Amino acid sequence: MRVFLIFLSTLLGVTATAQNIRGKALDAQTDTPLAYATISLFSKTDSSLVNGMITDESGAILLEAKPGAYYARLDFLGYETIFLDNIRVQNVP
């Protein structure tokens, strides 16, 4: 199975309580963007689904989340499923 990379960063969102999580899904061997990969964001507290999306043609990820602790699941046909643990979203003063 092939593996893909994900780069995430948290940026100030639209409101004071929500933040944007941005990233990019790439093939780990070729650095090719993975268009239409699925990413799901879950709460670490109770594993409830908080947000999710499908990447665009360039593999871009943009999720909105309130401050808290999360983990993400990334799926793409033909690739190994990836879990990203310890995603923290914090208020930016």
Would a scan of region 59-74 turn up a residue that is aliphatic (A, V, I, L, M) and farther than 25 Å from residue 30 by Cβ? yes
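Can you say whether residue 83 is among the aromatic types (Phe, Trp, Tyr) and either without any contact (Cβ under 8 Å) to a residue 24 or more places away in the chain or part of a loop (DSSP other than H, G, I, E, B) (or both), as far as the supplied structure shows?
Details: among the aromatic types (Phe, Trp, Tyr): yes; either without any contact (Cβ under 8 Å) to a residue 24 or more places away in the chain or part of a loop (DSSP other than H, G, I, E, B) (or both): yes.
So residue 83 passes the test.
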Residues of region 57-93 being farther than 15 Å from residue 19 by Cα, aliphatic (A, V, I, L, M) and exposed (fewer than 14 other Cβ atoms within 10 Å of the Cβ), which ones? 77
With the first residue restricted to region 55-69 and required to be within 23 Å of residue 44 (Cα to Cα), and the second required to be assigned to a loop (DSSP other than H, G, I, E, B) and charged (D, E, K, R), Cβ contacts under 9 Å at 6 or more apart or on different chains are 62/56; 68/44; 69/44
If you go through region 1-56, how many residues are open to solvent by 70 Å² or more (accessible area, probe 1.4 Å), part of a strand (DSSP E or B) and at pLDDT 85 or above? 4
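The values are calculated or read from the model by the stated rules, or taken from the named source; none is laboratory data. This one's a predicted model, so the numbers in the text were calculated from it and none came from an experiment. Every residue, glycine as well, gets a Cβ built from its backbone with ideal geometry; the counts of neighbours run over all protein chains shown. Only protein heavy atoms, including side chains, enter the accessible area calculation; ligands, DNA and RNA are left aside. Shrake-Rupley method; radii C 1.70, N 1.55, O 1.52, S 1.80 Å.
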